[in-house]
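A short worksheet on the structure shown next.
We did not get these values from a lab; they are worked out from the coordinates using the rules stated. Treat the numbers as computed from the prediction; the structure is a model and nothing was measured. Virtual Cβ from ideal backbone geometry, glycine too; neighbours counted across all protein chains shown.
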Amino acid sequence: MGKEYFAHETAVIDDGCKIGKGTKIWHFCHIMSGSEIGENCNIGQNVVVSPGVRLGKNVKVQNNVSIYTGVICEDDVFLGPSMVFTNIINPRSAIIRKDSYVPTVVEKGASIGANSTIICGNRIGSYSFIGAGAVVTRDVQPYALVVGNPAKPTGWMSEFGHRLKFDEKGYAECPESGEKYRLEKGRVSKINY
């Protein structure tokens with residue numbers, strides 16, 4: 001049985017990785033042994049996926065991203081061009097810390113903007129939105145919009161990627177999908193009818 005994914009001829013795919021059906025891997029990528037990539041992902045050019053990394057279904061990785069050991073991305077995550085993950089809190093060239101990787105989890109539907117940096121050990125909440133160039137140094141709540149260095153919350157986003165405008169009672173509606181959201185005690189949730 002042939003492979004069920006596409007890999008450009010310049011991509012290096014090591015033995016011992018799992019790649020889901022319908023995934024596309026573009027120019028000059030390196031997919032390392034022990035990594036797992038779900039179905040229908042798109043891996044842009046010059047991307048490295050290190051051992052132990054797990055990418056869910058429909059993850060979009062733009063050009064020039066290195067996804068280091070310790071990173072888990074759930075389904076429908078977007079990783080913008082040249083964004084950065086770290087996996088050691090205190091790296092030093094002369095000290096080997098391969099047993100000290102600190103995990104980072106990016107939950108379902110989150111978007112991480114171009115040139116942003118995610119410091120390891122943080123959880124990026126579902127459907128959150130990390131602005132371009134932001135430096136994330138702490139957990140990000142679901143649906144939160146964070147920007148700056150260090151990244152700070154400046155609002156809330158819908159699952160369709162629109163900024164939510166809450167009324168005085170704490171309700172908002174996505175202008176594209178019509179889905180409704182509730183802001184209560186500093187947390188946003190989608191209202192399911």
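List of remarks:
- Matching residues in the stretch 38-52 - criterion: being buried (at least 24 other Cβ atoms within 10 Å of the Cβ) and part of a loop (DSSP other than H, G, I, E, B): 41
- Screening 164, 145 for residues that are closer than 15 Å to residue 78 by Cβ and either hydrophobic (A, V, I, L, M, F, W, C) or in contact (Cβ under 8 Å) with a residue 24 or more places away in the chain (or both) leaves exactly one candidate, 145.
- For the stretch 137-155, the set of residues classified as crowded, with 23+ Cβ neighbours inside 10 Å and assigned to a strand (DSSP E or B) consists of 140, 144, 146, listed by residue number.
- Residue that is farthest from residue 64 (Cα to Cα) [pool: residues in the stretch 89-148 that are of a type in the set (Ser, Thr, Tyr) and touching a strand residue (DSSP E or B) at 6+ places or on another chain (Cβ under 7 Å)]: 143
- You will find that of 181, 193, the residue that is surrounded by 18 or more Cβ atoms within 10 Å (Cβ to Cβ) and of a type outside the set (A, V, I, L, M) is 181 and no other.
- Filtering 90, 58 for residues that are free of Cβ contacts under 8 Å to residues at least 40 places away in the same chain, within 25 Å of residue 114 (Cβ to Cβ) and part of a loop (DSSP other than H, G, I, E, B) leaves a single hit, 58.
- Filter pass, residue 65 being crowded, with 20+ Cβ neighbours inside 10 Å, of a type in the set (Val, Ile, Thr) and either within 20 Å of residue 30 (Cβ to Cβ) or in contact (Cβ under 8 Å) with a residue 12 or more places away in the chain (or both): yes
- Residue within the stretch 72-85 that is among the charged types (D, E, K, R), crowded, with 18+ Cβ neighbours inside 10 Å and in contact with a Lys or Arg (Cβ under 8 Å, 6 or more places away or on another chain) present: yes
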